[in-house]
Amino acid sequence: MGDINIYADSADIYDIFEFKGKSFTDITVQQLTDYFRQFNVKTVLDMSCGTGAQCIPIAQQGFNVTATDLSLAMLAQAKKKAGNTPNLQFKQANMITVSEGEFDCIYSAYNAVAHLSKSQLQETILNAAQHLAPNGILIFDVFSAEAMPFLPRNKVLDTALEMGDTRYVRYTNFNFDITKNAVDICQEYVIQRGFEDIKELMHNYCLQAYHHDELAEMIKQADLKLITLSVEGMKDVFNEDGVCHFVVAQKQ
Ligand SMILES: C[S@@+](CC[C@H](N)C(=O)[O-])C[C@H]1O[C@@H](n2cnc3c(N)ncnc32)[C@H](O)[C@@H]1O
């Protein structure tokens, strides 16, 4: 988990690069709240809230939300975006050990659990299972190892946009290691406001991907019942299905 610092120097531009300037991931929020309604969820823990792309609209819909994240910089952005949103409280916590009481749903969205090693993900699932109310649900999404070999192998220009007087450009290089099912990512940010000097940032980090059967086994190890294991994760950024697993599991 050594790469979490990537969020410290870029929390203020995270939404611009990840969501092309949007503040919320509407499709993911809809997926989550559909399950909340199906499973009668009232209390929610977002254990990797980032800048609040899911937890803010979810709280605005009346769910009672606790939102945690390891990064103080990301939490600061989320708090700024949330303003005075009722039913929403923020705290700093590590999702592996987070302990903020019992919830009807605990979720982690937008591939945040890919920052964890495999053993850390198993610990996180076990910890979440302990903090679920009876019949409560755990939801997370994570890169699919089946899809990773199809990522582009060359350097791609993944963002080029202009907002107000500022231009935002990002190059991304994916390198999938099939022996570890992990993706090494190298990202180069170029930002220029007006005619000011160009600001450059470099991020190098690694994301863990999973096979369908590995995730099913991890859910089983935590004594949870698998409800859904689809490839419909991160639909706000990937138009096609298959890139990211979407897992829903229930405490029995
Ligand atoms: C890709 S962002 C996703 C954030 C948000 N859910 C979204 O959709 O934008 C990953 C987030 O996971 C957080 N994170 C990574 N490892 C974590 C950990 N062990 N515990 C809590 N948060 C963690 C990062 O700080 C970051 O905010």
Checklist entry - Exactly which chymotrypsin sites (Phe, Trp or Tyr not before Pro) in the stretch 13-108 are in a DSSP loop and have at most 16 other Cβ atoms within 10 Å? => result 39
Checklist entry - Dipole of the chain, Cα-centred, from +1 at each Lys and Arg C-beta and -1 at each Asp and Glu C-beta, to the nearest 20 debye? => result 420 debye
Item to check | FRET efficiency estimate (nearest 0.05) - Cβ-Cβ, residue 76 to residue 120, R0 25 angstrom | outcome: 0.55
Checklist entry - Along the charge dipole of the chain, which of 122, 62, 82 sits closest to the positive end, that is, farthest toward it, with unit charges on the beta carbon of Lys, Arg, Asp and Glu (+1, +1, -1, -1)? => result 62
Item to check | Within the chain, helix-based [θ] at 222 nm, where runs of 4 or more DSSP H residues each add -39,500 (n - 2.57), nearest 500 | outcome: -7000 deg cm²/dmol
Checklist entry - Which whole-Hz ³J(HN,Hα) couplings does the stretch 191-208 yield from phi under the Karplus relation 6.51 cos²θ - 1.76 cosθ + 1.60, θ = phi - 60°, glycine and proline marked x? => result 10, 9, 9, x, 9, 5, 4, 6, 9, 10, 10, 10, 10, 10, 7, 10, 10, 8
Item to check | Hull shadow area, averaged, the stretch 125-184 [alpha-carbon convex hull, nm²] | outcome: 7.6 nm²
Item to check | Choice from 163, 47, 74 with maximal GNM fluctuation in the chain (Cα, 10 Å cutoff) | outcome: 163
Item to check | Overall form of the chain per C-alpha gyration tensor (a/c, 1.5; a/b vs b/c) | outcome: oblate
Item to check | Spacing of the two label points (7 Å from each Cα toward its C-beta) at residue 99 and residue 241, in nm | outcome: 4.0 nm
Item to check | Spin-label pair residue 220/residue 161, simplified geometry with 7 Å Cα→Cβ offset, distance in nm | outcome: 4.2 nm
Checklist entry - Extension gain residue 22-residue 154, at 0.36 nm per residue separation less the Cα-Cα distance, in nm? => result 44.8 nm
Item to check | DSSP beta bridge pairing in the chain, given as percent antiparallel to the nearest 5 | outcome: 70 percent
Next on the checklist: Distance between the C-alpha centers of the stretch 56-123 and the stretch 1-54? Whole Å please.
Outcome noted: 8 Å
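Any read-out appearing in this document is the output of simple, stated calculations on the displayed coordinates, not a laboratory observation. Predicted, not measured: the structure shown is a model, and the values here were computed from it. Neighbour counts run over all protein chains shown; Cβ positions are idealised from the backbone, glycine included.
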